[in-house]
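In what follows, a single structure is set out as structure tokens and then discussed.
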Amino acid sequence: MITAKKLSLQYPDGTNALNEINLRIKAGELVYITGPSGSGKTSLIKLLMGMEKPTAGRLEVLSHSMNRIDVKRRMLLRQYMGPVFQELKLINGRTVLDNVILGMRFLPIPKQQWKTLATDALEKVKLSHKIFSYAENLSWGEKQRVAIARAIVRKPSLIIADEPTGNLDRKNAINILELLNSLKQEDTSVIITTHATHLIDSDIVDQLIQIEAGQLQASSMEEF
Amino acid sequence: MKAITANLGYFFKETFTLLKLNKLSNILSLLSITLAFFLLSLVVATWLISTEMVDVLQQEAEINVFFSEGTGNTSHYEMAESFLEIQGVQASRVVTEAEALERMETILGEESEVLTYFDENPFESFVEVKVDFEQVGAVKESVSAHEDVRYVRDHQEVLDQIRNISALQRFLGTLFIVAAGTATLVIISHIIRQGIYHNRQQINTLLLLGAPNFFVSLPFVLSGLVLTLTGGLFASLLTRFTVGLGYAQLATPIPFIPLPPQELLVQNTTVLVLGLSIFLGLSGSIMGIRSSRKEESL
């Protein structure tokens with residue numbers, strides 16, 4: 001599903017965000033990427049989503065080479081992903097339901113199913129009582145759940161959550177991580193970045209990847 | 001295509017959200033577009049009127065032949081008959097003094113009272129010769145050669161002047177189409193760029209979710225189209241009103257001006273303005289999106 005070989009990313013200002021990282025994530029795995037702020041976690045996510053191109057090494061995501069991906073193929077690849085952004089990126093002035101439906105308007109899902117699928121996803125994240133609330137009127141934890149609902153409603157092959165516990169108290173953070181952990185399925189991998197290692201339930205995690213200063217420090221899988 | 005039809009409601013909702021975003025700026029843009037289209041349709045309308053005048057006058061090319069004093073009515077009829085033999089003459093008939101007076105009374109209408117101040121009929125008898133437009137010069141020369149002919153009047157000068165005015169209006173019309181088109185393109189392109197800038201976060205989110213470019217761009221294209229089409233509609237309504245007013249003003253004092261049918265004139269200018277507004281709305285929006293694409297990775 002994801003293969004990185006000697007993957008490096010250097011920003012135009014010369015900052016080395018990632019340095020020769022090797023990793024492999026299989027379908028249906030639950031993977032945590034940890035490390036302190038500025039260690040390169042978000043840079044890795046950006047590479048996985050095609051927001052940046054590798055400056056060296058090779059990266060393959062869902063059978064697409066991210067080194068040579070063009071705009072059209074990147075768009076198609078993103079349709080197989082369920083991203084939960086660090087800053088959530090919900091659309092203000094729209095209801096919770098509208099925000100969730102927005103995630104599938106351009107996917108090959110029949111219009112007649114949009115509302116049912118969105119309601120089911122919101123039920124899964126325990127927000128079915130707020131479907132007509134406006135995004136800007138929700139708490140951060142609730143917004144986090146809407147973002148997760150928008151990601152899962154697309155039935156993605158890869159769910160990517162960047163620092164989902166960032167602005168939450170301990171109780172809400174555990175709830176969100178439990179919810180994300182439960183999304184792992186046979187054909188759906190879940191990648192979560194966090195610096196809150198103490199909240200990770202290591203019993204259910206398939207891989208724990210630790211990055212520091214752009215370098216892979218430890219991984220529960222073998223390196224290439 | 002399926003994604004477009006399934007999301008029609010969404011696209012229109014997004015379009016009106018975009019238009020509401022910068023209300024004042026959009027209202028001012030709409031006013032500018034309306035004004036530009038209105039001026040353009042007026043120029044085009046006058047151009048169409050002058051073209052019609054030239055056409056009508058060309059079809060009705062005629063010369064009037066006046067005779068030397070002392071020639072009797074009988075010889076007028078004979079001469080009118082003989083003119084028919086000249087190549088290029090289509091018809092020839094004598095207009096008596098009484099008929100000439102009657103014609104002037106019809107032309108002057110309510111103002112014909114002024115003719116009662118003359119003690120005698122001021123008009124003289126003449127021969128009216130309908131001529132093939134291309135051969136006016138040759139016919140005029142042949143007729144003038146007749147010894148009893150004092151003076152031949154044609155409408156060549158008037159026709160030339162109208163033709164010059166028509167050419168000037170065609171030039172101005174083209175200039176106006178270019179000027180109004182450029183101004184509208186700049187306005188719409190700017191509005192779209194502004195909309196994209198204000199919505200850059202939403203655009204970015206959609207792109208990260210894998211939305212195709214058409215899905216992200218369509219509401220912006222529609223908002224540009226709505227602005228120009230509304231401007232075009234307002235301008236067409238204003239033109240209809242103005243042309244109606246102009247025709248009413250012209251009908252009484254100068255009824256002999258050959259104007260094209262009012263409804264046809266309005267219809268032609270409306271089709272032109274609406275066609276242009278659709279074209280400029282689409283082009284301006286696409287220009288705005290393309291120039292923003294470089295900055296917003298749209």
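Some observations on this one:
- Boolean, A:E123 is at pLDDT below 95 and under 20 Å from A:L168 (Cα atoms): no
- Odd one out for A:F132 among (1) touching a strand residue (DSSP E or B) at 6+ places or on another chain (Cβ under 6 Å); (2) within 23 Å of A:R24 (Cβ to Cβ); (3) surrounded by fewer than 23 Cβ atoms within 10 Å (Cβ to Cβ): (2)
- Output for region A:211-224, where each listed residue is assigned to a strand (DSSP E or B) and either at pLDDT below 80 or under 22 Å from A:S157 (Cα atoms) (or both): A:Q217, A:A218, A:S219
- Within region A:72-87, if we keep just the residues that are in contact (Cβ under 8 Å) with a residue 24 or more places away in the chain, at the interface with chain B (Cβ under 8 Å from one of its Cβ atoms) and outside any loop (DSSP other than H, G, I, E, B), the residue that is farthest from A:G166 (Cα to Cα) turns out to be A:L77.
- Taking (1) touching a Phe, Trp or Tyr at 6+ places or on another chain (Cβ under 8 Å); (2) over 30 Å from B:L172 (Cα atoms); (3) surrounded by 17 or more Cβ atoms within 10 Å (Cβ to Cβ); (4) at pLDDT 85 or above in turn, B:L19 satisfies each apart from (1).
- Taken together, A:P54, A:P12, A:P36 contain a single residue that is more than 14 Å from every other protein chain (Cβ to nearest Cβ), over 16 Å from the mean Cα position of the chain (by Cα) and buried (at least 17 other Cβ atoms within 10 Å of the Cβ), which is A:P54.
- Only listed residue being in a loop (DSSP other than H, G, I, E, B) and of a type in the set (A, V, I, L, M), chosen from A:L90, A:L97: A:L90
- The set of residues in region A:96-119 being over 21 Å from A:N172 (Cα atoms) and more than 12 Å from chain B (Cβ to nearest Cβ) consists of A:L97, A:K115, A:T116, A:L117, A:A118, A:T119.
Residues checked against (1) in contact (Cβ under 8 Å) with a residue 24 or more places away in the chain; (2) surrounded by fewer than 16 Cβ atoms within 10 Å (Cβ to Cβ); (3) part of a helix (DSSP H, G or I):
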site	(1), (2), (3)
B:Q161	no, yes, yes
B:S166	yes, no, yes
B:F171	no, yes, yes
B:I177	yes, yes, yes
B:T184	yes, no, yes
B:S189	yes, no, yes
B:Y197	yes, yes, yes
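- You will find that of A:I192, A:I109, the residue that is among the aliphatic types (A, V, I, L, M), surrounded by fewer than 21 Cβ atoms within 10 Å (Cβ to Cβ) and modelled with pLDDT of 90 or more is A:I109 and no other.
- Of all the residues in region A:1-55, those that are of a type in the set (K, R), in a helix (DSSP H, G or I) and in contact (Cβ under 8 Å) with a residue 60 or more places away in the chain number 1.
- Residue selected from region B:51-69 under the condition at pLDDT below 80 and among the polar types (S, T, N, Q), by the criterion farthest from B:V158 (Cα to Cα): B:Q59
- Any chance A:T95 is crowded, with 17+ Cβ neighbours inside 10 Å and more than 16 Å from the chain's Cα centre (by Cα): yes
- Residues satisfying the criterion are present in region B:9-16 (criterion: over 30 Å from B:V139 (Cα atoms) and either more than 14 Å from every other protein chain (Cβ to nearest Cβ) or modelled with pLDDT under 85 (or both)).
- Among the residues of this structure, A:S43 counts as one that is modelled with pLDDT of 90 or more and among the polar types (S, T, N, Q).
- Residue in region A:188-210 that is closer than 19 Å to A:G82 by Cβ, part of a helix (DSSP H, G or I) and in contact (Cβ under 8 Å) with a residue 12 or more places away in the chain present: no
- Residue selected from region A:128-145 under the condition touching a Lys or Arg at 6+ places or on another chain (Cβ under 8 Å) and either among the charged types (D, E, K, R) or in a helix (DSSP H, G or I) (or both), by the criterion nearest to the other protein chains (Cβ to nearest Cβ): A:A135
- Taken over region B:138-159, the criterion of being surrounded by 11 or more Cβ atoms within 10 Å (Cβ to Cβ), assigned to a helix (DSSP H, G or I) and either touching a helix residue (DSSP H, G or I) at 6+ places or on another chain (Cβ under 9 Å) or of a type outside the set (S, T, Y) (or both) is satisfied by B:A138, B:V139, B:K140, B:E141, B:S142, B:V143, B:Q156, B:V158, B:L159.
- Criterion (part of a helix (DSSP H, G or I) and either over 29 Å from the mean Cα position of the chain (by Cα) or within 14 Å of another protein chain (Cβ to nearest Cβ) (or both)) met by exactly one of B:S82, B:S32: B:S82
- Meets criteria (under 22 Å from A:A4 (Cα atoms), within 9 Å of chain B (Cβ to nearest Cβ) and not basic (K, R)) for A:L62: no
- Of everything listed in (1) of a type in the set (K, R); (2) buried (at least 23 other Cβ atoms within 10 Å of the Cβ); (3) part of a loop (DSSP other than H, G, I, E, B), the single unmet condition for A:R150 is (3).
- Within region B:145-162, the set of residues being among the charged types (D, E, K, R) and over 14 Å from B:Q59 (Cα atoms) comprises B:E147, B:D148, B:R150, B:R153, B:E157, B:D160.
- A:L183 vs. criteria buried (at least 18 other Cβ atoms within 10 Å of the Cβ), within 17 Å of A:A121 (Cβ to Cβ) and either β-branched (V, I, T) or modelled with pLDDT of 85 or more (or both): no
- Qualifying residue in region A:154-167 (condition: more than 9 Å from chain B (Cβ to nearest Cβ), in a helix (DSSP H, G or I) and surrounded by fewer than 23 Cβ atoms within 10 Å (Cβ to Cβ)): no
The values are calculated or read from the model by the stated rules, or taken from the named source; none is laboratory data. Since the structure is predicted, the reported quantities are computational estimates derived from the model, not experimental observations. Neighbour counts run over all protein chains shown; Cβ positions are idealised from the backbone, glycine included.
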